[in-house]
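Below: the structure, in structure tokens.
The values are calculated or read from the model by the stated rules, or taken from the named source; none is laboratory data. The structure presented is a predicted model; accordingly, all values stated were derived computationally and were not measured. Because the Cβ atoms are built from the backbone with ideal geometry, glycine has one as well, and the counts that use them run over all protein chains shown.
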Number of protein chains: 4
Amino acid sequence: MATLIRSISAVTHQISHKSSMRNFIRKCSAAGSQDKVGFIGLGNMGGPMAANLVNSGHSVVGYDINPEAIERLRDVGGHVAPTPADVAAECSRIVTMLPNSQHVKNCYSGDHGIFETVKPGTLLLDSSTIDPSVSKDVAVLASKKGATYMDSPVSGGVNAAKGGTLTFMVGGPEQEFEAAKTILSLMGKNIVYCGGVGNGQSVKICNNMLLAITMIGTAETMNLGMRLGLDPKLLAGIINSSSGRCWASDTYNPVPGVFDHVPSSNDYQGGFGTALMTKDLGLAQDAATKSLTPTPLGSLSHQIYRIMCATELSGKDFSSVFQFLKDNDK
Amino acid sequence: MATLIRSISAVTHQISHKSSMRNFIRKCSAAGSQDKVGFIGLGNMGGPMAANLVNSGHSVVGYDINPEAIERLRDVGGHVAPTPADVAAECSRIVTMLPNSQHVKNCYSGDHGIFETVKPGTLLLDSSTIDPSVSKDVAVLASKKGATYMDSPVSGGVNAAKGGTLTFMVGGPEQEFEAAKTILSLMGKNIVYCGGVGNGQSVKICNNMLLAITMIGTAETMNLGMRLGLDPKLLAGIINSSSGRCWASDTYNPVPGVFDHVPSSNDYQGGFGTALMTKDLGLAQDAATKSLTPTPLGSLSHQIYRIMCATELSGKDFSSVFQFLKDNDK
Amino acid sequence: MATLIRSISAVTHQISHKSSMRNFIRKCSAAGSQDKVGFIGLGNMGGPMAANLVNSGHSVVGYDINPEAIERLRDVGGHVAPTPADVAAECSRIVTMLPNSQHVKNCYSGDHGIFETVKPGTLLLDSSTIDPSVSKDVAVLASKKGATYMDSPVSGGVNAAKGGTLTFMVGGPEQEFEAAKTILSLMGKNIVYCGGVGNGQSVKICNNMLLAITMIGTAETMNLGMRLGLDPKLLAGIINSSSGRCWASDTYNPVPGVFDHVPSSNDYQGGFGTALMTKDLGLAQDAATKSLTPTPLGSLSHQIYRIMCATELSGKDFSSVFQFLKDNDK
Amino acid sequence: MATLIRSISAVTHQISHKSSMRNFIRKCSAAGSQDKVGFIGLGNMGGPMAANLVNSGHSVVGYDINPEAIERLRDVGGHVAPTPADVAAECSRIVTMLPNSQHVKNCYSGDHGIFETVKPGTLLLDSSTIDPSVSKDVAVLASKKGATYMDSPVSGGVNAAKGGTLTFMVGGPEQEFEAAKTILSLMGKNIVYCGGVGNGQSVKICNNMLLAITMIGTAETMNLGMRLGLDPKLLAGIINSSSGRCWASDTYNPVPGVFDHVPSSNDYQGGFGTALMTKDLGLAQDAATKSLTPTPLGSLSHQIYRIMCATELSGKDFSSVFQFLKDNDK
């Protein structure tokens, strides 16, 4: 991991290279606002992330359509703006954390959106999980305004958001990565540079597709072994020291009782919800279809989670696929 | 792994429990033959395994239908018997290493088979990979003869067979495990007790089913990421420190150039062949169908490898599924 | 269909070819018993089939392990024997209708089984749905006794069994087909010759695999169309006059209300149960694995029905897969 | 729906119902151009379709980016315009036949696109196969211009386009259907009304998804039967009179030699290409993902055809999936 996380280079005083030049422009054009950080989307994830920014000493200007979310920001010491455009008028660095591609488009390009008022030099960090091609489109529009848009989706759930231990996967111009990291490291502990804009999204949906595959694979393998008469702890133990080993088996095993302190041993509560995994798998399928890439197991995994979404497991952790596949009554 | 591998307990002099009693009977009824070990099936795997037994100082009595295989055993100092029945007449400990369930049935129960001459107290160790229900059937027949049949399939390929570094997954009566381990540890380094007879097979096919799933999943995920513009080493690096991590990705990555010294970086030569993986997936599906267990990804993985068997990738390492899925020309 | 159903040729007096010779032997060796027909397996299907034989004027000698099933045969005028061996001692023509491969093996080769007493020349018609390779094995054993075993699985459910309108798919020696047809036509209306022994089973599992695929395909297609805003009757109408047309769509549509008088319009009651379809798909998968044949959609269909078997749809008609896939509440 | 149908204010007293009113307006606003029909996209399908319009006596004004396609239209007596906007300036009825959603967006909304010059009352018939949601978006834009956009994708290939025997599946305002049919019936023989705009696309992708499923299902079932020893004609015959029956089996069987005059008996040439089927399956998956609909077999079928696209079967008829699944050498 160390090799993947760029080390923060020492700050210098010379305006000797492109990146420093941009930072200089940013400071000039956004004079007086350099300490203000905008935050749009103050929900289950965005709320605690914004609170961590406030706690780090920044003046945070927030926006959300939900009055309760706004109130929570005020409670922790944040400020509020009436529209995304108003946030953009005040801040040279803005984080967005929104539910899906359409929300992102609206927030940036819609009426009273960020692009109505964004200043040249502004750094836009979008931590939403969306279609990588939408990230690329928004980045083009941002650059026309002289701003820089980077995608920076997260892994880690609500608890990681609260604890400031999220992982950010960042895509965008490499020379802006340090500036992005300065902000993101206040909300997370791993800030990973993934290449050009959209690559953060691509890495995230790739990882989560493989996660879904390995989770379903682990669930059905454990179930098969148990129905063949194997003890689940013994089976998990052997697999975890052998070639079937995977995170879903050795860290987050979906069979109740194999490990303590994972959702499967707590009635599949908490963790990463089935519906959210299904959303990410849908993004992976969209990307696969667009890029003409065959993903047979990713595709079937999407279907399985889609079917699960119509059951009572929709709101449970995605490891509850074990429960779905297990023939519990007969 | 350490907790899974039973430590060898000290040998005692008192014939105070069942296991010792059996060993005593074995010694008596097979008087003079206690050092002879039978070995039936001297192919790519069995040949080097038998050679390791010879090299450990045992007198090995071998059998194979293939004259060349027999000749190779002679060359390393082994003896030869004309039929499995003749092997059983001479030896109180016999290892079998055969291609499939039908061969095992014939070797044990057929004309001139082991059961025609097997002596009470004989220990039968079947390292073939076969249907667990066949292992159970053969064990019942063995017990009628007063012999003990244990299934002990291996993981690790030809090189591990030659180097004596195989892993054995052993199913059968627990009190016989030490006796089995005494022999098996001459051919492997991990001897894992899995429970009752057939459980060795069950563990093996479970692990390999999950291995196939994670390998195809890794192949399609890497391919998707690359087609979305990601660098394969960067993508593998992030996945391998994240929740998509699996052996197929972090140790045996199927994308050429991500790791050195794995089959994918050597034109998919060596390793674990597509056809052998397909065979194991077929056994997993048989077991799943019999036990009424849903295995959606295991089942689809079986189909994918089955289709691959009709291509030129049939003889390549099973990680060549990356090549199969990759759209290389268009 | 007409070309597939062999016309009954005129009976001749000359013992001029093999088939007539066998019939002659049958008459001699089974003297006095030529009108008695044995029937083993008097369950939901076998019971009404045997009753139809009785009603056609034959003396039927039945066997079942269930006393109630035996009583029902007595009630309609049948006779009863205490074991399959006793049936075989009395009858030169025997029909078997049993739940699975293991039952068939036991009935023929087990203690007090048919082969203990079967007379040369006996015609054995097995209407069970089992593994074709088991049919072939039993046929070999039968021929050693001088008897002829033919597989003759049925399509059509309980109502067709009662009404005598079953379809029989018959595998075995062509020269015995007329003799088989003489009996089977008393219980069904289509008697189809499929080639050598086992072929009746093969045809049945092939048809039912394709039926499962087309049914699931129709269910998911109708569901997709409806969620896209299409009227189900309009969609079914266009598909049924276009290239997506299939029996599952144009005759047995799984969407409630598209057709009257099909299970989907009667809460999926009656028809062909999910559990029975799952059994047939398991046989298809066994056959595919053994014959090294890729069947990706058949395999996935098996998995889907297997998962359904753990829900309340297990006892419903197999078209209830529409209900399974439909997202009814959200 | 109401919002999609542009409201037209009353103009005259003579015309007594809405539909006639619209036709009247169309004639007035597009005075002098009523006989001219525009046609944009003159490729393999559009070229012969436009030729049929010319042959029916209409003055056709065509556009294509390919000079050869334009030349072919001239050769059959058509006229040519330099841009889509020029076509729209001249014609009150325009047919578009383009490769994908992006082409349609550009043709209508791009620079020199139809919407730059389209006159109120113009009837726009888009026979491209695209995402239904794009059809809906374009329809909204059209109604802002006072024009009516209807989607009218086709089934039937190049030969049906040449012969004027295409089927058109039409979505859009019902009162405009007769006007659409007047034009479309010059190029096809079945003009099917499917409901509101986008429904033509929805019906087409539903039918083709089910077609792909039944085709792969038929291919694997036939292959399984043949490997089990069944004669393919016999198997097809029984299935086609039984519950496995489908168009792919009874009309377009993928096994060479079962039927004459289908692509499978002509080296899979002609017909409906694998790559085109794959495109339609991609649209179906996009629609399924957007509408949160599980389509397990449709999804797997998409994957199978996607993999086939990387083989030499990419350019063959989609029934060549039989060839793909068949294990021909081993």
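Some points to look at:
- Selection status of A:Thr96, modelled with pLDDT of 95 or more, buried (at least 21 other Cβ atoms within 10 Å of the Cβ) and out of contact with any Gly (no Cβ under 9 Å at 6 or more places or on another chain): no
- Answer from A:Ala179, A:Ala89 - the residue that is touching a residue at least 60 places away in the same chain (Cβ under 8 Å), buried (at least 17 other Cβ atoms within 10 Å of the Cβ) and not in a loop (DSSP other than H, G, I, E, B): A:Ala179
- If only residues of the range A:228-272 that are touching a residue at least 24 places away in the same chain (Cβ under 8 Å) and either within 9 Å of chain B (Cβ to nearest Cβ) or more than 29 Å from A:Val158 (Cβ to Cβ) (or both) are counted, the one that is surrounded by the most Cβ atoms within 10 Å (Cβ to Cβ) is A:Cys246.
- Among the residues of the range B:218-227, the ones that are without any contact (Cβ under 8 Å) to a residue 60 or more places away in the chain and aliphatic (A, V, I, L, M) come to 2 in all.
- With respect to (1) crowded, with 20+ Cβ neighbours inside 10 Å; (2) touching a Leu at 6+ places or on another chain (Cβ under 8 Å), the lone exception for C:Val197 is condition (2).
- When the range C:279-330 is limited to residues that are outside any helix (DSSP H, G or I) and among the charged types (D, E, K, R), the one that is nearest to the chain's Cα centre (by Cα) turns out to be C:Asp317.
- If you go through the range A:74-86 and keep only what is in a helix (DSSP H, G or I) and out of contact with any helix residue (DSSP H, G or I) (no Cβ under 6 Å at 6 or more places or on another chain), you end up with A:Arg74, A:Asp75, A:Asp86.
- Checking each residue in the range A:204-262 for being out of contact with any Leu (no Cβ under 8 Å at 6 or more places or on another chain) and aromatic (Phe, Trp, Tyr) picks out A:Tyr252, A:Phe259.
- Hits in the range D:118-149 (condition: buried (at least 24 other Cβ atoms within 10 Å of the Cβ) and not in a loop (DSSP other than H, G, I, E, B)): D:Leu123, D:Leu124, D:Leu125, D:Asp126, D:Pro132, D:Ser135, D:Val138, D:Ala139, D:Ala142, D:Thr148, D:Tyr149
- Identity of the residue in the range A:285-294, more than 7 Å from chain D (Cβ to nearest Cβ) and in contact (Cβ under 8 Å) with a residue 40 or more places away in the chain, that ends up surrounded by the most Cβ atoms within 10 Å (Cβ to Cβ): A:Ala287
- Filter pass, D:Gly282 being modelled with pLDDT under 95, closer than 22 Å to D:Gly157 by Cβ and surrounded by fewer than 24 Cβ atoms within 10 Å (Cβ to Cβ): no
- Residues considered: B:Ser133, B:Ser128. Of these, the only one that is within 28 Å of B:Asn207 (Cβ to Cβ), within 14 Å of chain A (Cβ to nearest Cβ) and in contact (Cβ under 8 Å) with a residue 40 or more places away in the chain is B:Ser133.
- Scanning the range D:242-278 for residues that are not hydrophobic (A, V, I, L, M, F, W, C) and not in a loop (DSSP other than H, G, I, E, B) turns up D:Ser249, D:Asp250, D:Pro256, D:Pro263, D:Ser264, D:Ser265, D:Asn266, D:Gly273, D:Thr274, D:Thr278.
- Members of the range A:304-316 found to be within 12 Å of chain C (Cβ to nearest Cβ) and in contact with a Gly (Cβ under 9 Å, 6 or more places away or on another chain), listed by number: A:Arg306, A:Ser314, A:Gly315
- Residue match in the range C:150-169 (condition: in the same structural domain as C:Ser101 (by TED's automatic domain parsing), assigned to a strand (DSSP E or B) and free of Cβ contacts under 8 Å to residues at least 40 places away in the same chain): yes
- The requirement of being touching an Asp or Glu at 6+ places or on another chain (Cβ under 6 Å) and of a type in the set (S, T, N, Q) is not satisfied by D:Thr122.
- Residue list for the range B:157-174, filter: within 14 Å of chain A (Cβ to nearest Cβ) and surrounded by 19 or more Cβ atoms within 10 Å (Cβ to Cβ): B:Ala160, B:Leu166, B:Thr167, B:Phe168, B:Met169, B:Val170, B:Gly171, B:Gly172
- Residue count for the range D:205-227, restricted to those that are surrounded by 24 or more Cβ atoms within 10 Å (Cβ to Cβ), more than 17 Å from C:Asn223 (Cβ to Cβ) and of a type outside the set (Ser, Thr, Tyr): 9
- Restricting the range B:184-208 to residues that are at the interface with chain A (Cβ under 9 Å from one of its Cβ atoms) and in a loop (DSSP other than H, G, I, E, B), the residue that is nearest to B:Ser299 (Cα to Cα): B:Gly198
- The set of residues from the range A:133-148 being touching a Lys or Arg at 6+ places or on another chain (Cβ under 9 Å) and not acidic (Asp, Glu) comprises A:Ser133, A:Val134, A:Val138, A:Lys145, A:Gly146, A:Ala147, A:Thr148.
- Test result for B:Arg72, at pLDDT below 95 and not assigned by TED's automatic domain parsing to the domain that holds B:Met277: no
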